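S.K.: First the structure, then my questions, so here it is.
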Amino acid sequence: MSLSEDFSSIDDLHPIDIVETLAEHHAWEFDRVTEDQIAMAVEGQWRTYSLTLAWSPQDETLRLICTFEMAPPEDRLSMLYDVLNRCNDLVWTGAFTWWAEQKLMVWRYGLVLSGGQIAGPEQIDRLIASAVMAAERFYPAFQLVGWGDRSPADAMKVAIAEAYGRA
């Protein structure tokens, strides 16, 4: 059964309602922070990722933020920024940024739904999966640069390539 079959009519559903149903479907821990925001924890291979999705009716955008903690040594920050830029060159569905004050690596994406467009459950599920896949793919590179005393070019060699096809 497809995810959209769980919804009789998505025309009048709030995007965060869809996210909440997906979180229940996948058995992810979640908290409906407000009507327009949900926070959840998604388990990956390397760690558990914190995801927040928020709907902004003013600019008709569904925002996704996927974070994980990192506290690299100060003397490795320039290398972290270098590898972060290299990672962003390889992805098109979002971007990494480093929030130094919070010590968080962040994957951000905004899905614009202007003109009354509606995101379906498959699209939102793919949005979440893409965020986790990006974090999983580049997590080893961030670790090697931060603590493994590896150069950004070396660290990128271990970034897990995107998989094609089905297992």
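S.K.: Might you check whether a residue that is in contact with a Leu (Cβ under 9 Å, 6 or more places away or on another chain), farther than 17 Å from residue 55 by Cα and small (Gly, Ala, Ser) occurs anywhere in region 100-120?
M.R.: Within region 100-120, one or more residues are in contact with a Leu (Cβ under 9 Å, 6 or more places away or on another chain), farther than 17 Å from residue 55 by Cα and small (Gly, Ala, Ser).
S.K.: Looking for whichever is part of a strand (DSSP E or B), of a type outside the set (Gly, Ala, Ser) and in contact with a strand residue (DSSP E or B) (Cβ under 7 Å, 6 or more places away or on another chain) here; the options are 84, 51. Which one fits?
M.R.: On inspection, the qualifying residue turns out to be 51.
S.K.: State the number of residues belonging to region 34-50 that are exposed (fewer than 15 other Cβ atoms within 10 Å of the Cβ) and in contact with a Ser or Thr (Cβ under 8 Å, 6 or more places away or on another chain).
M.R.: The qualifying residues number 1.
S.K.: Would you be able to tell me the number of residues in region 141-151 that are surrounded by fewer than 18 Cβ atoms within 10 Å (Cβ to Cβ) and either among the hydrophobic types (A, V, I, L, M, F, W, C) or part of a helix (DSSP H, G or I) (or both)?
M.R.: Result for region 141-151: 2.
S.K.: Being surrounded by fewer than 18 Cβ atoms within 10 Å (Cβ to Cβ), touching a residue at least 24 places away in the same chain (Cβ under 8 Å) and under 26 Å from residue 25 (Cα atoms) narrows it down to one of 124, 118, so name that one.
M.R.: 118
S.K.: Looking at 60, 69, 101, 35, which one is of a type outside the set (A, V, I, L, M, F, W, C) and free of Cβ contacts under 8 Å to residues at least 12 places away in the same chain?
M.R.: It is 101.
S.K.: Of all residues in region 100-109, count the ones that are open to solvent by 50 Å² or more (accessible area, probe 1.4 Å) and either under 29 Å from residue 119 (Cα atoms) or within 14 Å of the chain's Cα centre (by Cα) (or both).
M.R.: 2
S.K.: Next question. For region 129-150, enumerate the residues that are of a type in the set (Gly, Ala, Ser) and without any contact (Cβ under 8 Å) to a residue 12 or more places away in the chain.
M.R.: 129, 148
S.K.: Among the residues of region 48-79 satisfying the criterion of being of a type in the set (D, E, K, R) and over 13 Å from the mean Cα position of the chain (by Cα), which is farthest from residue 118 (Cα to Cα)?
M.R.: Ranking the qualifying residues of region 48-79, first place goes to 75.
S.K.: I've got another one for you. Looking at region 59-72, can you tell me whether even one residue there is farther than 23 Å from residue 31 by Cα and open to solvent by 30 Å² or more (accessible area, probe 1.4 Å)?
M.R.: Scanning region 59-72 turns up at least one residue that is farther than 23 Å from residue 31 by Cα and open to solvent by 30 Å² or more (accessible area, probe 1.4 Å).
S.K.: I need the full set of residues from region 54-73 which are out of contact with any His (no Cβ under 9 Å at 6 or more places or on another chain) and not in a loop (DSSP other than H, G, I, E, B), in order please.
M.R.: Answer for region 54-73, where residues must be out of contact with any His (no Cβ under 9 Å at 6 or more places or on another chain) and not in a loop (DSSP other than H, G, I, E, B): 54, 56, 61, 62, 63, 64, 65, 66, 67, 68, 69.
S.K.: Of all the residues that make up region 82-99, how many are of a type in the set (A, V, I, L, M), open to solvent by 30 Å² or more (accessible area, probe 1.4 Å) and modelled with pLDDT under 95?
M.R.: The qualifying residues number 1.
The values are calculated or read from the model by the stated rules, or taken from the named source; none is laboratory data. Predicted, not measured: the structure shown is a model, and the values here were computed from it. Quick reminder, even Gly has a Cβ in these numbers, built from the backbone with ideal geometry, and neighbours come from all protein chains shown. Areas reflect the complete protein model, heavy atoms only, side chains present, ligands, DNA and RNA absent. Shrake-Rupley method; radii C 1.70, N 1.55, O 1.52, S 1.80 Å.
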